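Worksheet for the structure shown next.
The values are calculated or read from the model by the stated rules, or taken from the named source; none is laboratory data. None of these values were measured; they are calculated from a predicted model. Using ideal geometry, Cβ is built from the backbone for each residue, glycine included, and neighbour counts are taken over all protein chains shown.
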Amino acid sequence: MSNFIGIRHEDKYNLERRAPLTPKHVARLVKQKKLDIVVQTSDKRIFKDEEYIHAGARIAKDLKKCSVIFGVKEMPESFFEHGKTYVFFAHVVKGQAYNMSMLRRMMELKCNLIDYEKVVDDQGKRLIFFGRYAGMAGMINSLWALGLRLKDYGFSSNLVRLKQAHHYHLLAEAKEDISAIGQIIAENGIPHELRPFVVGFTGYGNVSQGAQEIIGLLPVKEISPAKLLDLHRRKKLPDNLIYKVIFKEEDLVENIAGEPFDLHDYYANPQDYQSKFEQYIPYLSVLINCIYWDKRYPRLVTKQYLKKLFGKGIPRLKVIGDISCDVNGSVECTLKSTEIDDPVYIYDPVTEQISMGHHGEGMLVMAVDILPAEIPRDSSDGFADVLVNFVKPIADADFAEHFDDLDLPKPIKKALILHNGELTPEYKYLEEFLK
């Protein structure tokens, strides 16, 4: 039961300009739900303080008066106060070592923690997410990077007209530029040396769908992974088409013992599977990685394979847009995540070292790990469209009650990691990581 709801300014990254709730959503909460909203002042947030004031919020330097505080990214340990409720992407559910100290501090202060990542429906589908916007920004960046890389290889491409995603004021402006380039491709075609031009997408969830929405602005034809293997054998191909291939789990891995692929078994027993993705890599021009990955699963692109691939000469594959951005993960040459203002690097498969920028021999990798922040206005708006429905129930909840008696929407209760500083039943496993 909160009198004041706080919206924290973001300070984890210099170019993090998102907000969990936008001025239009604040206006709805103030006018329709009669909530008191306090917005922490910020000179870099994409939405100005004045916009929130106009929406009916108060602006303050701190959120001391607020008992429930919404943010986007992790908050510093010094920010937390005793007994308060915090709602943000905590990045603790995998036992991430770098955030265990933060979790301990929240436990010491008897805080409540609600993690957006775990707000799911009965089927386990996430309800509040930035994934689609990560996909769109990642695809814009990958096309921008592709234009730079093609220029490095001596190809004239209209993609050099593109800007990195964060240089566009609105997503619509980027889409307009890409659509215009798509029209030029449709009319003038693709250089013979680059045909067939194939963009591969690993995964088919929100991130992949966002990326595909952007590539769909170009003249695209979707083909299956099986047809990709035959495509290079065809002597006559249209010169003005980009081929899109979506790789699902059954295309990426196979059972080590030769058993038929079973999706449920794969997720239950990933150790029984190995990657079979290497057979497709030589035929891809761009790879957009959108899958969930942790160390239990096989890697898709290994350092060893890239060394072998480059040993045969300059490969067809020019850019890897690693939107998933798992460092040393499914794409092993993703050696680090990158900042918005320094987004790409070249991975040298011989030395296994990277050099920032787009020049040099090797594979260009785009690995920005806060991609939705590149299109902050659009991504915040889409995120808040869902979150706004849960703000009033969270504000009205009496967190002093026993966990079983808490009156919260089921998806929010599922996402309650800490209740008065104690791990809730579903998250007791984190005790092992806290040690």
Check your understanding: Can you name the strands (runs of 3 or more DSSP E) wholly within segment 342-429 that have at least 1 residues being under 23 Å from LEU103 (Cα atoms)?
Key -> 416-419
Review point. Which of (1) within 22 Å of GLU401 (Cβ to Cβ); (2) assigned to a helix (DSSP H, G or I) is the odd one out, the single condition LEU113 does not satisfy?
Key: (2)
Review point. Taking strands (runs of 3 or more DSSP E) that do not extend beyond segment 258-336, which have at least 1 residues that are closer than 22 Å to ALA145 by Cβ and of a type outside the set (D, E, K, R)?
Key: 286-289, 319-322
Check your understanding: Of the conditions (1) over 15 Å from the mean Cα position of the chain (by Cα); (2) touching a residue at least 12 places away in the same chain (Cβ under 8 Å); (3) under 25 Å from HIS232 (Cβ atoms), GLY313 fails just one. Which one is it?
Key -> (2)
**Study point:** Among (1) assigned by TED's automatic domain parsing to the domain that holds CYS66; (2) touching a residue at least 60 places away in the same chain (Cβ under 8 Å); (3) surrounded by fewer than 20 Cβ atoms within 10 Å (Cβ to Cβ), the one test that ALA395 misses
**Key:** (3)
Practice item. Sort out which residues of segment 205-221 are touching a residue at least 60 places away in the same chain (Cβ under 8 Å) and in a loop (DSSP other than H, G, I, E, B), and write them in order of number. Key: GLY205
Point to revise | Matching residues in segment 54-79 - criterion: being farther than 20 Å from SER379 by Cα and among the charged types (D, E, K, R) | key: ARG58, LYS61, ASP62, LYS64, LYS65, GLU77
Check your understanding: What residue, of LYS175, LYS125, LYS163, is over 30 Å from GLY83 (Cβ atoms), of a type in the set (Lys, Arg) and at pLDDT below 95?
Key -> LYS125
Exercise for review: Might you let me know whether segment 368-386 holds any residue that is free of Cβ contacts under 8 Å to residues at least 12 places away in the same chain and closer than 30 Å to LYS31 by Cβ?
Suggested key: no
Check your understanding: Which of the residues spanning segment 165-182 are under 12 Å from ILE375 (Cα atoms) and either buried (at least 19 other Cβ atoms within 10 Å of the Cβ) or outside the structural domain of ILE215 (by TED's automatic domain parsing) (or both)?
Key -> ALA165, HIS166, TYR168, LEU171, ALA174
**Study point:** Filtered residues of segment 66-115 (kept if among the charged types (D, E, K, R) and at pLDDT below 95)
**Key:** LYS94
Study note, to complete from the structure: Among LEU237, LEU148, LEU127, the single one that is over 28 Å from SER379 (Cβ atoms) and of a type in the set (A, V, I, L, M) is LEU237
Practice item. With the condition kept exactly as written, say whether any residue in segment 234-245 is farther than 30 Å from ASN269 by Cβ, in contact (Cβ under 8 Å) with a residue 40 or more places away in the chain and part of a helix (DSSP H, G or I). Key: no
Check your understanding: With respect to LEU162, is the statement that it is of a type in the set (A, V, I, L, M), touching a residue at least 12 places away in the same chain (Cβ under 8 Å), surrounded by 19 or more Cβ atoms within 10 Å (Cβ to Cβ) and in contact with a strand residue (DSSP E or B) (Cβ under 7 Å, 6 or more places away or on another chain) true?
Key -> no
Review point. Does any residue of segment 213-233 turn out to be within 18 Å of ASP322 (Cβ to Cβ), hydrophobic (A, V, I, L, M, F, W, C) and touching a helix residue (DSSP H, G or I) at 6+ places or on another chain (Cβ under 7 Å)?
Key: yes
Check your understanding: Is it fair to say GLU117 is surrounded by fewer than 16 Cβ atoms within 10 Å (Cβ to Cβ) and touching a residue at least 24 places away in the same chain (Cβ under 8 Å)?
Key -> no
Revision key, fill the gap. Per the filter on segment 163-190, residues in contact with a helix residue (DSSP H, G or I) (Cβ under 9 Å, 6 or more places away or on another chain) and over 27 Å from SER379 (Cβ atoms) are ILE184, ILE185, ASN188
Point to revise | Unmet criterion (only one of (1) over 23 Å from ILE178 (Cβ atoms); (2) charged (D, E, K, R); (3) surrounded by 15 or more Cβ atoms within 10 Å (Cβ to Cβ)) for ARG195 | key: (1)
Review point. Quick check: anything in segment 300-310 in the same structural domain as TYR168 (by TED's automatic domain parsing), under 21 Å from the mean Cα position of the chain (by Cα) and under 27 Å from ARG195 (Cα atoms)?
Key: yes
